[in-house]
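Accompanying notes for the structure given below.
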Amino acid sequence: MSFVTYCGGHCGDCWIKNGKIREMAKTLQGTLKGWAVPERAKALARREPAASHYPEFEGILDWIQAQTCEGCRASGSICLWGEATCFVRDCAREKKVQGCFECAEEKGCGKIAVLDRGDPTMPANRERMREIGMSAWEAEQAGKGN
C-alpha cells in the first residue's frame, strides 16, 4: 500500500501516522500528573482563569493519544480533520487521478490551499511527483527515513 497522501504528503511525516505527537502528548500528560496539575487546576484557576479549562485540555491530550491511521489510501480510512471522509481523496477519486499532482486544476485549488498552509512542503512535493512519478517520489521519501 502507498503511503503517499492524495494532497501531496507522506504518511511518514504525518503527526498521527508516525506517532510522535502521541508520544509527546503522553509525556506531557505524565509530567503534568507528576506535578499534580490536574488536582491543582481549580486552585490555579483563581490566578490563571485558563486553568479552569484543564479537564478539556486533558481530554484533547487523551484524544491525541488515541489517534491512529492506516493512511488515506487504506480502505475505510477516515479523515483526521474531523470529516466523515477526506474531501481531497473524494475529489481525486472523482477525477480519477492518483492525487492533486495529476490534476489540471491543482494550481489555485481552494480545496488544498488550507492544507498547504498547514504543511508548506506539499506544493513542492506535488511538483516533484509530477517530475518523477508518485512511486519514485515515495521511494525517495522512504530513503529519507519517512
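FYI, it's all coordinate maths here, none of it is from the lab. Predicted model only: the values in this text are computed from it and were never measured. Note: ideal-geometry Cβ built from the backbone for every residue, glycine included; neighbour counts use all protein chains shown.
Structure data summary
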read-out: R0 of 41 Å, Cβ-Cβ distance Arg130-Ala66: FRET efficiency to nearest 0.05; value: 0.70
read-out: Given 16 as the ceiling on other Cβ atoms within 10 Å, longest exposed-site-free region of the chain for chymotrypsin sites (Phe, Trp or Tyr not before Pro) in DSSP loops; value: 82-146
read-out: Point-charge dipole on Cβ atoms (K/R +1, D/E -1) for the chain, about Cα centre, debye to 20; value: 300
read-out: Label selected from [x] 1.10; [y] 1.05; [z] 0.94, the criterion being Rg/Rh (Cα atoms, Kirkwood Rh) as computed here; value: [x]
read-out: Reach of Lys107 by Cα under 16 Å, taken over lysines that are not fewer than 8 positions away in the same chain; value: Lys95
read-out: His10 long-range amide H proximity, modeled H, under 5 Å; value: Thr5
read-out: Integer Hz, Karplus 6.51/-1.76/1.60 couplings in order for region 112-129, x for Gly and Pro; value: 9, 4, 5, 5, 5, 5, x, 9, x, 7, 5, x, 5, 4, 5, 4, 5, 4
read-out: Kirkwood hydrodynamic radius (C-alpha pairs) into Stokes-Einstein, region 18-68, 20 °C and 1.002 mPa s, D in µm²/s; value: 187
read-out: Exposure proxy ranking, count of Cβ atoms within 10 Å, fewest first, for Met24, Met122, Met134; value: Met24, Met134, Met122
read-out: Gain on full stretching of the segment that runs from Asp119 to Trp35 - 0.36 nm per residue minus C-alpha separation; value: 26.8 nm
read-out: Reachable lysines, given that their alpha-carbon falls under 17 Å from the alpha-carbon of Lys17 and they are not under 8 places away in the same chain; value: Lys26, Lys144
